[in-house]
1. Restricting the search to segment 233-253, which residues are touching a residue at least 40 places away in the same chain (Cβ under 8 Å), open to solvent by 30 Å² or more (accessible area, probe 1.4 Å) and either touching a Lys or Arg at 6+ places or on another chain (Cβ under 8 Å) or not basic (K, R) (or both)?
2. Here is a list of conditions, (1) without any contact (Cβ under 8 Å) to a residue 12 or more places away in the chain; (2) closer than 30 Å to S1464 by Cβ, and L1389 meets all of them except one; can you say which number that is?
3. When only residues in segment 328-345 that are assigned to a helix (DSSP H, G or I) and closer than 15 Å to V368 by Cα count, which is most open to solvent (accessible area, probe 1.4 Å)?
4. Select from segment 794-830 the residues that are closer than 27 Å to W547 by Cα, not charged (D, E, K, R) and not in a strand (DSSP E or B) and write down the one among them that is modelled with the lowest pLDDT.
5. Kindly check whether there is at least one residue in segment 1340-1358 that is open to solvent by 40 Å² or more (accessible area, probe 1.4 Å), in contact with a helix residue (DSSP H, G or I) (Cβ under 7 Å, 6 or more places away or on another chain) and not in a helix (DSSP H, G or I).
6. Is one or more of the residues making up segment 1356-1369 among the β-branched types (V, I, T) and without any contact (Cβ under 8 Å) to a residue 24 or more places away in the chain?
7. Can you tell me which residues in segment 249-275 are in a loop (DSSP other than H, G, I, E, B) and touching a helix residue (DSSP H, G or I) at 6+ places or on another chain (Cβ under 7 Å)?
8. Against the definition (open to solvent by 30 Å² or more (accessible area, probe 1.4 Å), on the phi > 0 side of the Ramachandran plot and at pLDDT below 90), how does G1064 come out, yes or no?
Amino acid sequence: MPTRLPSKSLLCYGFGVLVGLVTVSLTDVGGLLDPANTNVRDVLRQELPAQSSRPAGSVESTMTKPESKEETGETREPACRLPLCVLTGVGATRLFILEHTDGAGHRMKSILEAVAIAHRNHINFGGLVGQLQPLTDQHINFRIITDAIFGDGASKELYIYNISRKPQIHGTFNDAKQLEARLPGVAKGKTLYCHAVNEWGYDRRVPTSSYFPGWLRDEMRKHLDARPLVFAPGKTSVVIHLRRADLERDDTRATKDSYYYRLAKEIRELAPPDELDFHVWSSPKNIPAVEQDYWKSSDYDGYRERGMTVHLDKHIDSNEDMLTAWTHMARAHILIMSQSSFSMVPAYMNTNCVIYPSNIDSPLENWVNGRDEDRQAYQQEVESCVRRVRKIVPQTAEVTDTEQPAPAEMRCELKVCNLHSLSAPRLYILEHTDGAGHRLKSVLEAIAISWRNKLNFGGLVGQLQPLTDQHINSRVVVDALFGAGASRHLFIYNISSKPSFTSEFSNARELETKVPTLRPNDLAYCHAVNEWGYDRRVPTSSYFPGWLRDEMRKHLDARPLVFAPGKTSVVIHLRRADLERDDTRATKDSYYYRLAKEIRELAPPDELDFHVWSSPKNIPAVEQDYWKSSDYDGYRERGMTVHLDKHIDSNEDMLTAWTHMARAHILIMSQSSFSMVPAYMNTNCVIYPSNIDSPLENWMDGKDTKNSKYKSSLEKCVKDALQRGFDFVHNLLHMTGDKVLQPFHDPSAMVVALFNGEIYNWEELQVEPASFRSDGDALLSEYRRHGGDFVKRLDGEFALALFDFARREAFLARDPFGSKPLWFARGDGKFAVSSYASALRRLDFKDAEIHQVEPNSVLVLELPAAASEPPVKPTEAPAIARQTTVFEFDLRQHKTSTSDWQKAFVRAVQKRTGSSRFAPGRATPAMCLSDGYDSGSIALSLGKLGIQPAMYTVQAREDVRVLVARLVELSRRVNSTWKLTQLSTEQFQKEKLFLHDRAERVLYKLRPGYANVDDKAAAGLSWIYRQASFAGQRMFLSGTGADEIISDYGTNGVAFEFHSTLRGEFPEELSSVFPWLNFFLGTQRDYLAKEESTAGAHGVETRYPFLDRNLVQEFLWLSADTKNALYKAPIHEFLEAERFPFVRGTKRGFSADRNLVGDVDEDQDEISQARRKFWSGLGAAEGTVIAAFASQPAASQSAAGASAQSPADSATVIPAPLRRLVEVTQGPRRWRRWRKRIHRQWAAGILRDLPSVQRAETAKQQGPLAPVLSLAVANGVGPNNRAVILTSCMEEHYFWTYCGPFLHSVAEAFDLFESPGPVRAMVATAGIEPQSLEAVARLLPFVEFSAFHEHEDQLSSHSDPTEAESYRRLSYQSLKLQQYLWLWQRKLLPEKEVDFVICMDSDMLVVKPFLHVFELLQQRQVDVAFSYYDGTRHVPWGSPAELARTKKKGLVRLQGGMLIMRNSVEAIQWFATWKSLTEAALFHKENEGELGDRWRDLLEEFKGPSQAALAFLLTQGDVDIMKDVSACCSSLRSIEPLGRAWRREWPKRCFRAA
């Protein structure tokens, strides 16, 4: 029996006087206190930490670090918590394995394979049952090795138990094969144990890569990636592992040397010898238990003679030797394995190329069988291996542990400064002190000289003159060009405190002749490198290779451009400002006019976009300006856009000019260093004015017109500009997250990506919370982390193209079913990718050159090389390197219940419609509503999720009675709109013509000569998409895919369509028919093309929940009997379980051409008669659109907003209330029965969700209340009660606007500025700067702040003030109650000297003390007293006149209420109940059905969830009383217990209120 707490009184007062008394018995609150404890206060105190002795006014955070289980004496959670162990999420089934006790290779191999098995089977790895033998056969401490591989402390996580005390096991298996066979029958959350998983006995029906995907292998290797390497920088590393030490010489496992010699020879024949770096790792020493060593160091001489570096273990028991070997084997470009578990460990981690010795029957996709050289594909596989790894060799050197770089404070740390080994000599130059062009030109040229001569660039010796002649701050410019903070790296010293240089040179020419004399770590100094005095024997491009120029430009690439999209940009730079008119360096306008004319003659005029950058203003030291804006009119008259500096000293103007000059397709330079800076960076076409004697390969002389090569050079320049490598163009339909223009670009990695569709798991893929702007940011992030496997990580509907110019690879991919189109074309040196084939035809590609990327595939193309790295202009079409799969389906049929499928379907709908980051106006999903299976399941799921749909029906063959019944059922769950129409013949033909004119034409593969735009269903869809688009609904849920996958257009062996191959019958062995015709191709491909083309013509995005990869997998897992039991069995059972109306067992299809207005109705069945009765019953004329609004009964039945008419429609729109639709189809009685039932369901739902608070059966009636001033105070007795005010302040600006004045008013009212008084204040904060809190705490010592940092990510981030205020009003109240409860329970309840706890809103003011209230509460023995206010904002401690005077002072608006509670267990129980009900209100307002609607109504009435919950608590859900403030909260009455009589009466009350 629970302990009964004494009945106490609850006092309710308002309007400045005490007006009523409510009595209630307070007992335990579910989840807060244990009712079995007789001394509840002692129980609470046992849970509280010791009280701090901090003085009042101090700032304290509630973000305390959780105590470890070990420290508290508890046994910690018995499972590994490493990231690799919890890949499936907390709460999943866990697998434990037995620890091996032999060598390190076997031990580690078993761990990696256990993690892989757990990943593949969607369970977690729990850890190893340790055998108390941490030393391996080699006497290596394997716990240390584990920490090195998986991170510090990993061994404590992985080794959970000793074998003598295994955990409670729910299932034991002998090996991995047995585990996988029985796993489908294991319930979630169980603990499993497997003796051995170390042999490759896995399921052969799925590829090995599904156990070891690339991202998982990278995760396994990540700690080894941080260790140093001894490989030669810039070379392709080849590592051979020889198993020798533990094997006798005649052991067949000791693979012969001739095998390795042959492989080494073949690899050398496929790559230049100087590009390869061979290493051998082995050990001749046997394990300590065997005294004899079978091998010697001399046995490796054959490898040494072949130019390989041999690494032999110095000590067989050395942890470091073993880790070094594994590090280099795991990270080698090519790893040649031995027959050993020791080799298998790094082979699992190596994602480059692994050659294995043919004793492995389940190799990974990047492994090559090195022994079976006679097979046909052997040579091709080895060649592919070598070619692939040569492309990933880094451009810059890796630092070995033997190098000794210069101290960090003596060198520039930027990437462009460290292009060679850190121990390379460093070049420093003197800073120029004139114009910005000269200054930056010298920096770029110094970097180039350093690169060419194998030096690093140390930086500039600054001259303490950061301002240029134009008064531009060169430090700011350097930061813009090289990245934030770059100036601190580049400007190392002052000229007055130069370092001690090893060598000094006058100019670059002298430097280059003396470079051979420089030694590692030397510091060289050169006075001037700013003129082109380089070595003429080598091409200039060897100083400025393409990749280095791209690196110099990468920060300018991130700046915005004003060029016209899709056009060839031509930028002319005119040097004017600092030159007089007769200065020869002021190149004449006629020169530029001629060039512009010649360029225009070589290109279509509408493809060119001319811009002129210049400045007429002179430097500040010269008062006279030699040039005026009118001097540029000739350029304006020739159709050029002229950009003149507004201010000669503007950093931004100069950077804008350099940005456009560096990125222009054609740059026409002036005679100036200013032009030279962007010209060095521009890798397109640069035309210079003949004063440069060492041009780069993409530069041409614009003045030397008499040169025989001039014309051809200019033609090439323009042609290259018109065909300028890769253009990325994207039309954005903004749906989710921030509006981010594509393409996505990572200049530093030289990766570009763009895509169409939606990535649904993008928020889960974020490395840091809120780090992605939208779903597209996931592309580059996942590619950086997982390389070519990144597509497998994306859950969504997408078509994407990603170009990695550094590795010269392009990835073209479509989701598993190819829901979004993607085409590519190759031919005649050209390459293009597009969503539509028509765009490729407009680029003059032939049909034979145009191909579609297949569904569920990643096409990897090898981009051609060019004159520079990476390629700027493709000289040939990319070659197809390989094709991989996006998602591997598991064909095991083992589930006999469709419940998992039903849950997965709701999740599939939710992920497509339930995002919290939808763009404004994009959150309402539109859909077709028919009487069949597919649309019914989508509508039902939206209702269950509480997401309001907009539904459209073109009346063809649907049963209108089922449609209306569906609307009725939906109205019990969610508000929705429905538009129903009969298309006229004219409308139908109009939509067909629209599609022929505007939609992409795609030929159906199954019906030769028939295209999507000819499909009758497409015309009906077009009308629906038009309505949705006009209503602002850009997201459309389609049922496509259900017929293709769940029934294949058949049932029980009978085909509905000619293309059905299964006829609705699935075999016992699914692999015998998978994939059937329509699964990926067939109608799946054709109908997706129809939907995408039609929706795209109206600017609508279609989404396909039936094609969710996880949902399809759930269907495939169903047993054949379960699939075949019913037509579309999982959908049938889903609709039937929820009692959602549908027409059973038939497939009608969308025949939009049936029953057109004016046509004769061919059908004479019951459905057609009901249809005619429906339209006539509503009085609808021809072409009428019925607009219905389904909602809760209490909501308005008006169809306002739904009746908006598209300009394209001439039809009449009739608003039809739901009641009228029900009466027409089912009669008036049905409407009344349905309405009564829905009220009963809502009332019962509320009762189920009430907190478990039991009240006394009777309440004592109280006498009249005392006046405002209690008798004690009236008789001169002073108040002795101590109270603590609890309040909350969230967000910095609110703190100073409201909280500060409120606390000041408390201090003023109670005289608390200097000495402590009867009142203290505890303030919960979130989002407030510590300095602000400290300032107020010093001024007001009676205040103590507690920072709730965990609530900061729940603060408002809305930019719209109205949305922000609405969010605060609803969400902050629940946070406040959590904060109050925490402070009360942890800090105040144990304090006996605190009598009362006061909760007050911080946007109030205290205008007079209210200590008399405490006296009154003491007399009445009241636990909880509160004030309720209406729109007049009356509060209980001041007259309206006093409050008005306060307002006139302009302090803060008065709003809010106050609770005074006794510091007792009874009161905190009541408070916890109120908090729980407030959270329930917040939860249910977002929920489906009538329960959610009722709470939303209450929140509208009571302005916030806490007020609504309070009113609900007081009135026990009586809506009539709740809506009357005086009846609710100001009258004297008793509250009955929740008895049977009240339960019977409550539905009637609810009904009357509605």
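The values are calculated or read from the model by the stated rules, or taken from the named source; none is laboratory data. Quick caveat: nothing in here was measured; it's all calculated off a predicted structure. Here the Cβ is made from the backbone with ideal geometry for all residues, glycine too, and neighbour counts use every protein chain on show. Just so you know, the surface numbers come from the protein's heavy atoms only, side chains and all, with ligands and any DNA or RNA stripped out. Shrake-Rupley method; radii C 1.70, N 1.55, O 1.52, S 1.80 Å.
1. Answer for segment 233-253, where residues must be touching a residue at least 40 places away in the same chain (Cβ under 8 Å), open to solvent by 30 Å² or more (accessible area, probe 1.4 Å) and either touching a Lys or Arg at 6+ places or on another chain (Cβ under 8 Å) or not basic (K, R) (or both): P233, G234, R243, D246, E248, R253.
2. (1)
3. Ranking the candidates gives M344 first.
4. G829
5. Yes, that holds for at least one residue.
6. yes
7. Correct list: L270, A271.
8. So G1064 does not fit the description; no.
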